[in-house]
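Structure record follows, encoded as structure tokens.
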Amino acid sequence: MPRVIHYTVSMPKPNSHYFEVDIEIPDAKLRAKNGMLRLVMPVWTPGSYLVREFSRNVLDVSAIDVMGNSVVKCAKDSKNSWKIDAGNAESVDVHYGVYAFEYSVDTSYLDTRHGIINGASVFLYVEGCENEEHIITIIPHKEWKTIATGLEKIERPEYNGTSFTAPNYDILIDSPIEIGNQEVYSFEISGVRHEVSVFGPSPVDAERFVSDIKKVVENTWPIFAEIPYKRYLFLVDFVGAPTGGGLEHLNSTHCLASRLRMIPEQEYRSLLGLFSHEFFHAWNVKRLRPKGLGPFDYNTEVYSKSLWIAEGITSYYDDLILRRAGIYSVMEYFDAFVSNINIMQSFPSSRFQSAEESSFDTWIKHYRPSENSPNVYSSYYTQGCVIGWMIDMEIRKSTSNERNLDYVMRKMYQETYSEENRGYTDEEFESSCNSVAGRSLSSEIFDRRVRGRESIDFQHYLGYAGLRLAPKFKIGNNKAYLGVKLRSESGRTIVATNLFDTPAEAGGLAPGDEIIAIDDLRMDLSLIQHYIANKRPGDTARILISRDGYLETIDSKLAAAPVFEYRIYKNDSASEEQQRFFKDWMFSDWNLPLEYTEYTPSPQRPKQFDYV
């Protein structure tokens, strides 16, 4: 059996943003095919469904015959692969650099403060050896003392650094690594160690943050009745930039969060949904997975119609777990959940994509938003969250709250992962929902919204819990509306998005148009917003624009402003059965006072509904 492939990663000049990578390939002639070794760089990373072309950051791949102390011929043979003429070499060493200066959870990053390795963007693999054990040794920059990763640490004194083992290449690239001087905290749940590695200062006390993460863990694993990992790591980077996101891994997650998203208190609690979401993936996606999502083909897209389950139902649980943990108040939970309803109610896109269609199109739409996305792309995160809620409410209703969606997730997890370690089919998931509910949900949920594009009767499902949907703001019928989102660009006001079926579309406005004046009055962005809002529905706005350098005048007959934002309220006439339903779902007594708290959101929270 060939000896273990060994990677060494160093970072002697972090200001250059280059990781230096060496791959020791022993028994090269045994691994070679017709005397050739083929090394491949993935084009995407699991959990982030976009072809990112990681090989574009690879610099100067070279190889030597270790025993012969001679250069080995190495040449690129495709956009992301290299062929090495191993000949009769007993051992080949490959060296290359990787430029890492994109700060996201999908890529790698290196600067003078720390380094983050996302394996798919750093580690070439030896074709045909993906299922072998791999060893990686990290040589940190001389000023850095901490290495945090979900990989298992091993003692290998013959290597000059800190070494870890991965049973195969899948696990190697599914285990992000952070190197720096970050703080690492820990706690235990049912005898299992959980670590929280925190890089960067934040306005929230670290002890409180770790305590809240612990609450998330305590309220998640009982859903599946099993902790499937030996250790779990939260890699957390608090940054100043208006960015954020998370990516799930088998026994870890890497999350980026803007510091100002943690002020005020309500924003901090909302941000915890990110960590709840990624941790839930330790079961739903990494183990309970759609058929086709593993083992992976790293060279091309892997299509699935089930991302509404994998990501969307996870989105339903991320905030629900915060409520169960007592982190969210009932009204904070309602505000978080209803944001999904707002999107589906407000944008035309849900008329053009089912949940399955959205899942399938992720490779070309989800990670490539455009000015037309609100019209044509309905996220599987949003749809899946709402559909998961619908399934949950129907199961509760059908079983008098004896069962809920937890039972489906546990049943699917045990039958497909615990017992057989395989992916599930869409039909299996639907069948499990029907089985747990004790009746078919196919026609009312799966046919209409999972496979179909029918609108959802939100009042119907809320009514089970004695609740109703109503506008957040009472705007009346006197506020006028054009139907565009605007942006300011070097002092100019530009149409960023134009919604279908609006006065803007009817009048001929298009994304990219510069609005110069309305009704012969020159205006900037804020004045346009103010002016349109104070006209009356039915009025005509005469809009002077510049399009491709030509001046044009467009007349748009304004409509009444639609409702973009809703809230969930109690029905005063709720029955005892509805009140019990509410209590079981929300972990709260019906008679407790429920009042929304208004606050100033962080400027780093994206504005979803700022349409004129």
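The values are calculated or read from the model by the stated rules, or taken from the named source; none is laboratory data. Only a predicted model underlies this, so the values are computations on that prediction, with no experimental measurement involved. Cβ coordinates were reconstructed from backbone atoms using ideal geometry, including for glycine residues, and neighbour counts include every protein chain displayed.
Matching residues to (1) crowded, with 19+ Cβ neighbours inside 10 Å; (2) hydroxyl-bearing (S, T, Y):
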site	(1), (2)
M262	yes, no
L272	yes, no
A282	yes, no
G292	no, no
P295	no, no
G312	yes, no
D335	yes, no
S349	yes, yes
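Out of Y333, Y381, one residue alone is over 18 Å from I568 (Cβ atoms) and either of a type in the set (F, W, Y) or in contact with a His (Cβ under 7 Å, 6 or more places away or on another chain) (or both). It is Y381. Can we say T146 is β-branched (V, I, T), over 26 Å from the mean Cα position of the chain (by Cα) and within 25 Å of A241 (Cβ to Cβ)? Criteria met by T146. Looking across the stretch 10-22 at every residue that is under 23 Å from K79 (Cα atoms) and touching an Asp or Glu at 6+ places or on another chain (Cβ under 7 Å), the one that is surrounded by the most Cβ atoms within 10 Å (Cβ to Cβ) is identified as H17.
Considering the stretch 400-457, and only residues there that are surrounded by 19 or more Cβ atoms within 10 Å (Cβ to Cβ) and of a type in the set (G, A, S), the residue that is farthest from the chain's Cα centre (by Cα) turns out to be A437.
Suppose we keep only residues that are in a strand (DSSP E or B) and of a type in the set (D, E, K, R) within the stretch 29-78. Which one would you say is nearest to V122 (Cα to Cα)? Step by step, filter the stretch 29-78, then rank; the result is D60.
In this entry, V92 is excluded by the filter for residues that are outside the structural domain of P242 (by TED's automatic domain parsing), in a loop (DSSP other than H, G, I, E, B) and either of a type in the set (A, V, I, L, M) or modelled with pLDDT under 95 (or both). Yes or no: S276 hydroxyl-bearing (S, T, Y) and either more than 14 Å from the chain's Cα centre (by Cα) or more than 21 Å from E356 (Cβ to Cβ) (or both)? Yes, satisfied. Restricted to the stretch 275-297, and to residues there that are of a type in the set (F, W, Y) and modelled with pLDDT of 95 or more, the residue that is farthest from S258 (Cα to Cα) is W283. Answer yes or no: is there a residue in the stretch 538-559 that is under 27 Å from Q459 (Cα atoms) and not hydroxyl-bearing (S, T, Y). Looking for residues that are under 27 Å from Q459 (Cα atoms) and not hydroxyl-bearing (S, T, Y), one finds at least one in the stretch 538-559, hence yes.
Restrict the check to the stretch 64-75 and report whether at least one residue is over 30 Å from E311 (Cα atoms) and under 39 Å from the mean Cα position of the chain (by Cα). Lay out the reasoning, then the answer.
The first filter runs over the stretch 64-75 and keeps only residues over 30 Å from E311 (Cα atoms), leaving 64-75.
From what's left, under 39 Å from the mean Cα position of the chain (by Cα): 74-75.
Taking every residue of the stretch 64-75 in turn, at least one turns out to be over 30 Å from E311 (Cα atoms) and under 39 Å from the mean Cα position of the chain (by Cα).
Examine the stretch 529-537 for a residue that is over 15 Å from P562 (Cα atoms) and hydrophobic (A, V, I, L, M, F, W, C), and state whether such a residue exists. No - not one qualifying residue is present in the stretch 529-537. Checked against (1) in contact with a Lys or Arg (Cβ under 8 Å, 6 or more places away or on another chain); (2) more than 16 Å from C129 (Cβ to Cβ), K83 passes all but a single condition, namely (2).
Scanning the stretch 56-80 for residues that are closer than 16 Å to D22 by Cα and crowded, with 17+ Cβ neighbours inside 10 Å returns N57, V58, V61, A63, I64, D65, V66, V72, C74. When F199, F234, F187 are checked against the criterion of being over 22 Å from Y316 (Cα atoms), aromatic (F, W, Y) and under 21 Å from the mean Cα position of the chain (by Cα), a single residue qualifies: F199.
All of Y407, Y417, Y413, Y380 fail the test of being modelled with pLDDT of 95 or more, of a type in the set (F, W, Y) and farther than 19 Å from P290 by Cβ, apart from Y407. Entry remark, the stretch 32-47: residues being more than 35 Å from the chain's Cα centre (by Cα) and surrounded by fewer than 21 Cβ atoms within 10 Å (Cβ to Cβ) number 4 in total.
Across the stretch 79-89, the qualifying residues are those that are among the aliphatic types (A, V, I, L, M) and not in a strand (DSSP E or B), and the one among them that is farthest from the chain's Cα centre (by Cα) is A89. Within the stretch 232-248, residues that are without any contact (Cβ under 8 Å) to a residue 12 or more places away in the chain have Cβ atoms under 6 Å from residues that are surrounded by fewer than 24 Cβ atoms within 10 Å (Cβ to Cβ) in no pair, counting only partners at least 6 apart in sequence or on another chain.
For I327, are the conditions met, namely being modelled with pLDDT of 95 or more, surrounded by 22 or more Cβ atoms within 10 Å (Cβ to Cβ) and among the aliphatic types (A, V, I, L, M)? No, not satisfied.
Given G119, G115, which one is over 30 Å from L307 (Cβ atoms) and either surrounded by fewer than 19 Cβ atoms within 10 Å (Cβ to Cβ) or outside the structural domain of L307 (by TED's automatic domain parsing) (or both)?
G115
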